[in-house]
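First up is the structure itself, then whatever we jot down about it.
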Amino acid sequence: MKTWIAVILVSVSLAASAWSQSARPQTAADLAKYLGADRERLLYEGAKKEAKLVWYTSLTPYKEIAKTFESRYPGVTVEPYRGPAANLATRIFGETQAKRYIADTIETSGGALMLLRDNKLLLPYNSPHVGDYPEGSKEKAPGGLFFTVVDRESYPGIGYNKNAIRESDLATSFDDLLKPALKGKMGISGEEIGNRVIGAILKTKGEGFVKKLAAQNIKLYGMPALGLNELIVSGEVPLTFTAVDSNIRLAAARGAPVAWLAPDLVPVNSGSVAVFAHSQHPHAALLFIDFLIGPEGQKLFSDKLGYGSPRKNYGFKRWYPEQGLSTYDYAETIERWNKILLEISRK
């Protein structure tokens, strides 16, 4: 009798579980965590009724992404607004205070999303594609959900001019940056990417090693990695350890004598995607996220737009510096890294 009771209880439990997965979601929060087999159909039907989604992003090629999504899901229009990460966060805060809930999906860098997360302006969600993403590339939320998932990456590393650096003098690791032959031949970006690389060196080699770099007479440039990339191309800066792989790759494709190498640890520069807590078009917002982090969106990012994907193994070790930190902790960490960066370089 006990055995039959156990079987009945298990059957009832399984039936209840199946019903909860197939029950039609009633709220945005229910919809965000729904993983039923009909998820795409459900989201698309709802998105067509909503007719549009408003997308806040820092991405430069946002028009091509929006066009591809609209072709994939006719009847759903993407209304993008592009701006720097800090501007997006400021805009969302201002709109929220005025109770003007405009954004649906947000795609930008980690710092801005942390600020929104810590102020409870992100809706935790799930997606059938999240399992394809490694730890560190997704920000966990309570209940097995996620605040953000990384949808595109670029990789700071060692970039150099082949005509300005002899092969025997080339740095292929952080240790090699101390080679005497490289003294006075290195430049570094003074933007946030430079701070993140310093963080990676600290994490792998320690503060004592980083301070030794001061003897290498490294020049600090107050420009982003793209600007420094042009100086690598011209040979004015023979080598940097803050070169972005895609910048170097594009320059090499144009015939420039440049190359990129991954160091011991690559501090990923990434963009992540999130749902605004007060989204007025939740079906469209979630459908768009599934598209961005799913196979079709990731193929678009990597094959056409030149970004890296956390779903791919490129043969080097990646690190997401902001993962697991609060906004305050990350700001303090960046400030400390920047102080060290200024100490070991010259203007």
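Each value in this text was obtained by applying a stated rule to the coordinates, not by laboratory testing. What you see is a predicted model; the values in this text were computed from it and never measured. Every residue, glycine as well, gets a Cβ built from its backbone with ideal geometry; the counts of neighbours run over all protein chains shown.
Given DSSP loops and a limit of at most 14 other Cβ atoms within 10 Å, what is the longest stretch of the chain that contains no such chymotrypsin sites (Phe, Trp or Tyr not before Pro)?
1-313
Could you please report the charge total around Arg166, scoring K, R as +1 and D, E as -1 over all other residues with beta-carbon less than 11 angstrom from its beta-carbon?
Details: positive: Lys162, Lys179, Lys185; negative: Glu167, Asp169.
My count for the surroundings of Arg166 gives +1.
Under 5 Å between amide H atoms, partner at least 5 residues away or on a different chain: which partners does Val244 have, H built in plane at 1.01 Å?
When sequence neighbours closer than 5 places are left aside, the close amide H contacts are Gly157.
For the stretch 296-339, what does the convex hull of the Cα positions come to per residue, in cubic angstrom?
On the way: hull volume 5.5 nm³, N = 44.
Value for the stretch 296-339: 125 Å³ per residue.
Counting only the backbone N, which residues of the stretch 172-205 are under 19 Å from the spot 7 Å out from the Cα of Arg346 toward its beta-carbon?
177-190
Using 5 Å bins from zero, what percent of all Cα-Cα pairs in the stretch 50-131 falls into each bin?
With a bin width of 5 Å, the distribution comes to 3, 13, 22, 24, 21, 13, 4, 0.
Stokes-Einstein at 10 °C, 1.306 mPa s, Kirkwood radius from Cα pairs: D for the stretch 105-169 in µm² s⁻¹?
On the way: Rh = 14.5 Å.
Translational diffusion coefficient: 109 µm²/s.
For the stretch 39-187, take the convex hull of the Cα atoms, compute a quarter of its surface area, and give me that in nm², please. The partial results should precede the final answer.
Details: hull surface 53.1 nm².
Average of the hull's projected areas for the stretch 39-187 equals 13.3 nm².
Using the basic label-point model (7 angstrom from Cα toward the beta carbon), what is the Ser326 to Lys99 distance in nanometres?
Between Ser326 and Lys99, the label points sit 3.0 nm apart.
Quick query: amide H of Glu191 versus all other amide H atoms, modeled in the peptide plane; which residues come in under 5 Å with a sequence gap of 5 or more or a different chain?
It is Met223, by chain and number.
Kindly provide log₁₀ I(q)/I(0) values, in the same order as q = 0.08, 0.09, 0.11 Å⁻¹, from the Debye equation applied to equal alpha-carbon scatterers of the chain.
Values returned for q = 0.08, 0.09, 0.11 Å⁻¹ are -0.45, -0.56, -0.77.
Given the Cα atoms of the stretch 131-214, and with Rh set as the inverse mean 1/r over their pairs in the Kirkwood sense, what is Rg to Rh to two decimals?
For the stretch 131-214, the value is 1.10.
Please check which bits of the stretch 190-224 a label hung off Arg336 would reach, taking the label as a point 7 Å along Cα-to-C-beta and the cut-off as backbone N under 17 Å.
195-211
Quick check for you: which residues of the stretch 52-72 have the amide N under 19 Å from the point 7 Å beyond the Cα of Leu226 toward its beta carbon?
56-66
Using the Karplus curve 6.51 cos²θ - 1.76 cosθ + 1.60 with θ = phi - 60°, work out ³J(HN,Hα) for each residue of the stretch 112-127 in order, rounded to whole Hz, and write x for Gly and Pro.
5, 5, 4, 4, 5, 4, 5, 9, 6, 10, 10, 8, x, 9, 10, 7
Would you mind checking the radius of gyration and Dmax of the stretch 142-289 based on alpha-carbon positions, in Å?
Looking at the stretch 142-289, its Cα Rg and Dmax stand at 18.3, 59 Å.
How big is the dipole moment of the chain about its Cα centre under a simple scheme where the beta carbon of each Lys and Arg is +1, that of each Asp and Glu is -1, and everything else is neutral? Debye, nearest 20, please. Intermediate values should be presented prior to the final figure.
On the way: 43 positive and 36 negative charges, 47 e Å.
Once rounded to the nearest 20, the dipole reads 220 debye.
Quote the charge dipole size of the stretch 232-311 about the Cα centre in Debye, to the nearest 20; the model charges only the Cβ of Lys and Arg (+1) and of Asp and Glu (-1). Present the calculation step by step, with values, prior to reporting the outcome.
Numbers: 5 positive and 6 negative charges, 31 e Å.
Using Cβ point charges on Lys, Arg, Asp and Glu, the stretch 232-311 gives about 140 debye.
Give me the distance in nm between label points sitting 7 Å out from Cα along the Cα-to-Cβ direction at Leu250 and Asp303, one decimal.
Placing both labels 7 Å along Cα→Cβ, they lie 2.0 nm apart.
Which one of Val233, Gly83, Ile193 has its Cα pushed farthest toward the positive end of the charge dipole of the chain, where Lys and Arg give +1 and Asp and Glu give -1 at the Cβ?
Projecting each Cα onto the dipole axis, the largest value belongs to Val233.
Compute log10 of I(q)/I(0) for the stretch 249-315 with the Debye formula, placing one identical point scatterer on every Cα and leaving out solvent, at q = 0.21 Å⁻¹, to two decimals.
Log10 I(q)/I(0), no solvent term: -1.02.
At what distance in angstrom do the alpha carbon centres of the stretch 270-330 and the stretch 221-244 lie from each other?
The stretch 270-330 and the stretch 221-244 have Cα centres separated by 27 Å.
Kindly write out, for the stretch 86-100 in residue order, the coupling ³J(HN,Hα) from the Karplus curve 6.51 cos²θ - 1.76 cosθ + 1.60 (θ = phi - 60°), rounded to whole Hz, with x marking Gly and Pro.
4, 5, 4, 4, 4, 5, 5, 4, x, 5, 5, 4, 8, 6, 10
Mind giving me the nanometre distance, one decimal, between the label points for Asn163 and Lys212, set 7 Å out from Cα along Cα→Cβ?
Going by the 7 Å Cα→Cβ label model, 3.3 nm.
What lysines does Lys304 reach when the alpha-carbon gap must be under 23 Å and sequence neighbours fewer than 8 apart in one chain are set aside?
Lys63, Lys67, Lys312
Hand me the trypsin sites (Lys or Arg not before Pro) from the stretch 158-210 located in a DSSP loop with no more than 11 other Cβ atoms within 10 Å, in residue order please. Provide the component values of the computation, followed by the final result.
Values: sites: Lys162, Arg166, Lys183, Lys185, Arg196, Lys203, Lys205; in loops: Lys162, Arg166, Lys183, Lys185.
Hits after loop and neighbour filter: Arg166.
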